[in-house]
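Data first, discussion second: the structure below is written as structure tokens.
Quick note: the coordinates plus some simple rules give every number you see, no bench work behind them. Note that the structure is predicted; figures quoted are calculated from it, not measured. Every residue, glycine as well, gets a Cβ built from its backbone with ideal geometry; the counts of neighbours run over all protein chains shown.
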Amino acid sequence: MKKPVCLIMMLCLLMTVVALAEAPVELTWDAYQPVLEAGNVTGQFYTFENVAVKIWLPDGLSPVELTEEDAANGYIGYFMPEDESCAVAVMYVDINGMSLEEYAEYLKNETSATEIESGVVNGFPCVCYELPEQDSVSVTFTTDTGYALEVTCVPVSVENAELVWGAVISSIQAAE
């Protein structure tokens, strides 16, 4: 009697491990705030009224005035420090109604993106990926209108980039 019960328990455990391995990465702003406090990283939220989203940006990043060409290419925000050593770009672009799964396949097959992962940020499903030649990390959310909200942070190869860019990405949420 013990062997069948052990076998069933082992199968349940294996199914749980497989399910967890395939679960998307989940980030929440509430969970990330203590990390920022421990690292003495400060910043403030910036609201994008046209897409009803707000994003936390570290102190020192200032908005760059967008040109008409920038707007035509989908940029709704671009932030960098005076020394232009890093940047956060926010785009709202037409992806022809692709789902997140289709967009992830597009990234795998049509771009040089790496580390492509499904995730959830503050309850919103997304796709995260890196573009090594641009030294960037991006997170993309699709919308009901066939567009994508994409936030890109550069560079990822500098000290503390994981902390700061992780905070920016984990902060993306609906504007209040």
*asked:* At q = 0.18, 0.20 Å⁻¹, what log₁₀ I(q)/I(0) does the chain have when each alpha carbon counts as one equal point scatterer in the Debye sum?
replied: -1.24, -1.51
*Distance in nm between pseudo-label sites at residue 163 and residue 134 (7 Å out along the Cβ direction from Cα)*: 2.6 nm
*Residue by residue through region 34-45, which ³J(HN,Hα) values in whole Hz follow from phi under the Karplus form 6.51 cos²θ - 1.76 cosθ + 1.60 (θ = phi - 60°), with glycine and proline marked x?*
x, 5, 5, 4, 5, x, 6, 9, 10, x, 8, 7
*Apply 1/(1 + (r/R0)^6) to the Cβ-Cβ distance of residue 109 and residue 145, taking R0 = 22 Å, and write down the FRET efficiency to the nearest 0.05.*
0.35
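Net charge near residue 78: determine it from the other residues with C-beta under 10 Å of the C-beta of residue 78, scoring Lys and Arg +1 and Asp and Glu -1.
-2
Calculate, for residue 83 and residue 45, the FRET efficiency according to 1/(1 + (r/R0)^6) with r their C-beta to C-beta distance and R0 22 Å; round to the nearest 0.05.
With a Förster radius of 22 Å, E is 0.40.
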